[in-house]
Amino acid sequence: MARFGTLLLSALLAGCVAGPGPLDPELTYLIRSYYRHHAAERNYTCLAPEIRGITRVEVLEDTPTRLVLKIRYHYRDDTYGMDGFLTGRCQDFATRTFVIDRRDGYRVVGMSGEVRDR
């Protein structure tokens, strides 16, 4: 039964990963990677979160040199946050703004919210 729950949750989140909005695979990878290396959640109690699915993308700024996106996502931290099956304290939906430099391809240069390395 537990395995069915895991598969069901994975299937639900997989629908989110397909990604609405203007995110191409390269940009999605760069945003998820930047988040994984810099983000913290829940008042710094979740120190290794990963974006598991993107549910909404809003373009806040779009110029030839800069792209600013407001992204709603589902995160989960398996390192610091699992208290039991599907009841981890470090999983939730959240929203952050990501700033992307476009001058030489895509490069994420910042994001809003809690970060580990400031």
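Read-outs throughout are calculated quantities, based only on the coordinates presented, and are distinct from any laboratory measurement. Source: prediction; values computed, not measured. Backbone-built Cβ (ideal geometry, glycine too); neighbour counts: all protein chains shown.
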Using a simple spin-label model with points 7 Å from Cα along the Cα→Cβ vector, what separation in nm is obtained for residue 116 and residue 65? 3.2 nm
Quick one: which residues, 5+ away or cross-chain, put their amide H under 5 Å from the amide H of residue 66? H built at 1.01 Å from N. 102
